[in-house]
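Heads up: the structure comes next, in structure tokens.
Since every read-out is calculated from the coordinates, none of them should be taken as a lab result. Computed from a predicted structure; not experimentally measured. FYI the Cβ positions are ideal-geometry reconstructions off the backbone, even for glycines, and counts take in every protein chain you see.
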Amino acid sequence: MTSWLCAIDHKRIGILYMLSALLFFLAGGMEAMVMRAQLAAPNLKLITPEIYNQMFTMHGTTMIFLVAMPVLTGFGVYLVPLMIGANEMALPRLGALSFWLQFFGGILLYFSFATGAAPSAGWFSYAPLSEKAFSPGVGLDYWALALLMIAAGSIGSAINLIATIATERAPGMTMRLVPLFVWMTLVTSIMIVFALPALAASLVMLLSDRMLQARFFDPSQGGAPLLWQHYFWIFGHPEVYIVVLPAFGMISEIIPVFSRKPIFGYPFVATSTVAIAFLSYGVWVHHMFAVALGRNFLAVFAAASMLIAVPTGMKIFSWIATMWGGSIRFTTAMLFAVAFLLEFTVGGLSGVAFATVPVDWQMTDTYFVVAHIHYVLLGGTVFALLAGVHYWFPKFSGRMLDEKLGRWSFWLIVLGFNTAFFVQHFLGLLGMTRRVYTYPNLPWFGALNLISTIGAAILVFGILLFCANIAMSLFFGSVAGDDPWNAWTLEWAASSPPALQNFAHPPEVRSRRPLWDRKHPETADWMRV
Amino acid sequence: MTNRRAQLGMTMFLTAEAVFFFLLVLAFAYFREIPALIAPRVWLCTVLLLASTLSMWRGTAGSGLWLWVTIAIGVAFLLDQAVFFGTTFFILAGIHGLHLLAGLIALAMGPISALRAIALYWYFFTAVWLAIVLVAYFWGAA
């Protein structure tokens, strides 16, 4: 126990990140189910509007800050040193500090329930609703303080990952040879360094308003609520890519291995990530189209938002081209990766629809937004994560996940997810607004909401089956061996699970597939170029 | 090698801090909440901080005594900064002051191997103060 609490080894810190994310994922999932139960039929009164507001605020905040970011950081912290042939992170103690800041930030956020007033202003807490006059409870103070801690933790782990990738690579591993997951983790970490401080600055100003009688966001005293929106989304839009780019990295590792082909267009996949990072800082206003900001202003941000579809589309085509002509093995990991391509594309396309200003005006703050964000974050990030867990679990634990259970959970999750969220597109088009605790009995509203709730229940069942698979395989799974997938990157050269010292000898790197070269010296990649 | 990691880590951290302070100062300037800092004590503050970078620079060259001089000047700066207490501007000055306090603690208790990284931190927050003073001089509310 103490050895885990005091751990500074990157593998243990990585596992701690993943476990804490799983814990909060279950909490956030329960909050979602409370909402879906309340919305199952028109005019239901299972919970009060106040509780409903707390549920969607905590659900959103939890899933973004306590699940998506930490679990991706966990994969990064665990895998990056292994993939670049290093034995440790560059700044191990900073790694531990970052994790505990993040974890206790989460505990602090959830402690607000014990005060009887969890935050209830939504995950982006728009001013002036978040001001003392309209949110007098302490919940919002907990929210702001917890997010400050989480922001500090995220910046710490990002700095650590950057320093690790910059200084710890094995001899011979240039930036042209690092695995794409490492590339995307690097770009994500740089984005965190530039984006999270904007959140921290907004939170400091909000706390000053609430506790020190400042008046940044209070229009009655000369403040500007729009300033909150600008600052929050200067953080918030890059944040979307922060929680999706590492998932792209996972997909870029998994699809080639199960297609038995190297990634198609490595330089394009890597550089399009950089393009996404740059563009993501120039699109924040597309969250604010409903604010009257002037036509030319909106046109610029609409164009920039559509532009992001180009580098993102390049990646999708690279993954498809990798599979094209490959000998594909449909393991559970590969199934999730292929499902990711489809689900994420749906989310990406509804995103392009939103970039069109008049469409946004019609659909903003409806269930169309809810459907869009869930196709991106669940259909995108979570599907890639599930692919990643099925792919790397043998490395983490030394045991294989059960393929049969894996397939069952895969089909349940796909069925449940699409049932729950696809119909929300139609609800949005019909005009159902988000964040309202109930709705009148209008045509289709009741039926579509009931379908959505049933879908959510199926999704929960699939997730629980996935958790059961992990718990059982940990003890009864077949022994994995070092390299169960016949893969190419260096983490599979270490033992499963890796020893405290990952590599007894620094690995030799001469191509993008160092393990392939070692296994097939006669047809090594570096001999071909 | 350790030093290179620490320097790189500190550079990235200060990059994040630069974004943080840029947005804060921007907001304060936007609302004209930075007073025109013409009081002599403000200039004393600034001169003190500039002097501390000199002593820090001497200290990193290997003299422990100069590091204690830096700490003494830093404490004097923080005490002098209390002149803003009670104004909205103190929120900004106070956040800057808290960062300097953290720097002083690191300087007093941190390992000698981290000295260069701490010095980098100190120079950076001197620069932040100069930026605030410049904004105040050209854009401060009378």
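Details
- Chain B, relative contact order [Cα under 8 Å, separation at least 6], %: 42 percent
- Gyration tensor verdict on segment A:144-220 (Cα atoms; rounded if a/c is under 1.5, prolate if a/b is larger than b/c, oblate otherwise): prolate
- Set against the 2.2 N^0.38 Å expectation for a compact globular protein, segment B:2-139 has a Cα radius of gyration ratio of 1.05.
- Counting all C-alpha pairs of the protein assembly as shown, share separated by more than 41 Å (%): 30 percent
- Residues in segment A:166-193 reached by a label modelled at residue B:4 [backbone nitrogen below 15 Å; 7 Å Cα→Cβ]: A:166-175
- The orientation-averaged projected area of the convex hull spanned by the Cα atoms of segment A:392-529 comes to 13.5 nm².
- With R₀ set to 35 Å, the beta-carbon distance separating residue A:290 from residue A:212 gives a calculated FRET efficiency near 0.70.
- In sequence order, segment A:118-128 has phi-based couplings of 5, x, 9, 9, x, 6, 10, 5, 4, 7, x Hz under the Karplus curve 6.51 cos²θ - 1.76 cosθ + 1.60, θ = phi - 60°, and Gly or Pro positions carry x.
- The calculated FRET efficiency for residue A:104 paired with residue A:126, based on their beta-carbon distance and R0 = 30 Å, is about 0.65.
- ³J(HN,Hα), Karplus 6.51/-1.76/1.60, whole Hz, each residue of segment A:452-463, x for Gly, Pro: 4, 5, 4, x, 4, 5, 4, 4, 4, 4, x, 5
- Average other protein chain Cβ within 10 Å of Cβ, residues A:197-205: 5
- Averaged over B:87-99, number of beta-carbon atoms from partner chains that fall within 10 Å: 2
- Whole-angstrom gap from segment B:7-46 to segment A:5-70, using each part's C-alpha centre: 36 Å
- Mean per-residue shielding of peptide B:20-27 is 6, counting Cβ atoms of other chains within 10 Å of each Cβ.
- Cβ-based charge dipole, segment A:2-528, positive-most Cα from A:17, A:381, A:40: A:381
- Taking θ as phi - 60° and the Karplus parameters 6.51, -1.76 and 1.60, the scalar couplings of segment A:51-62 work out to 4, 4, 4, 5, 5, 6, 5, 5, 4, x, 4, 4 Hz in sequence order, x denoting glycine and proline.
- Straight-line cross-link partners of residue A:132 among the aspartates and glutamates, defined as a Cα under 18 Å from its Cα and at least 8 positions apart when in the same chain: A:50, A:141, A:209, A:218.
- Rounded to 10°, Cα long-axis angle of helix A:403-430 versus longest principal axis of chain A: 30 degrees
- Ellipticity at 222 nm from helices only: DSSP H runs of n ≥ 4 in chain A, each -39500 (n - 2.57), divided by the residue count, give -22000 deg cm²/dmol.
- Of A:261/A:315; A:315/A:519; A:395/A:519; A:315/A:404, those spanning more than 26 Å from alpha-carbon to alpha-carbon: A:315/A:519; A:315/A:404
- Segment A:258-294: chymotrypsin sites (Phe, Trp or Tyr not before Pro) in DSSP coil with no more than 14 other Cβ atoms inside 10 Å: none
- Helix A:332-355 and the longest principal axis of the C-alpha atoms of chain A enclose an angle of approximately 40°.
- Under 5 Å from the amide H of residue A:366 lie the amide H atoms of A:434, each residue being 5 or more positions distant or on a separate chain, with H modelled from the backbone and absent for Pro and chain starts.
- FRET efficiency estimate (nearest 0.05) - Cβ-Cβ, residue A:436 to residue A:93, R0 60 angstrom: 0.80
- Segment A:291-376: chymotrypsin sites (Phe, Trp or Tyr not before Pro) in DSSP loop, at most 16 other beta carbons within 10 Å: A:324, A:330
- Simple label model, 7 Å out from Cα along Cβ direction - residue A:324 to residue A:2, nm: 6.0 nm
- Taking Cβ atoms as reference points and 13 Å as the exclusive limit, the residues near residue B:9 contribute a net charge of +2, counting Lys and Arg as +1 and Asp and Glu as -1.
- Selection of trypsin sites (Lys or Arg not before Pro), segment A:240-324, meeting DSSP coil and at most 16 other Cβ within 10 Å: A:260
- Euclidean distance between Cα centres, segment A:373-438 to segment A:198-262, Å: 23 Å
- Helix-only CD estimate at 222 nm, as mean residue ellipticity for chain B, using -39500 (n - 2.57) per DSSP H run (n ≥ 4): -28000 deg cm²/dmol
- Think of each Lys and Arg Cβ as +1 and each Asp and Glu Cβ as -1; about the Cα centre, that makes the dipole of segment B:2-139 roughly 300 debye.
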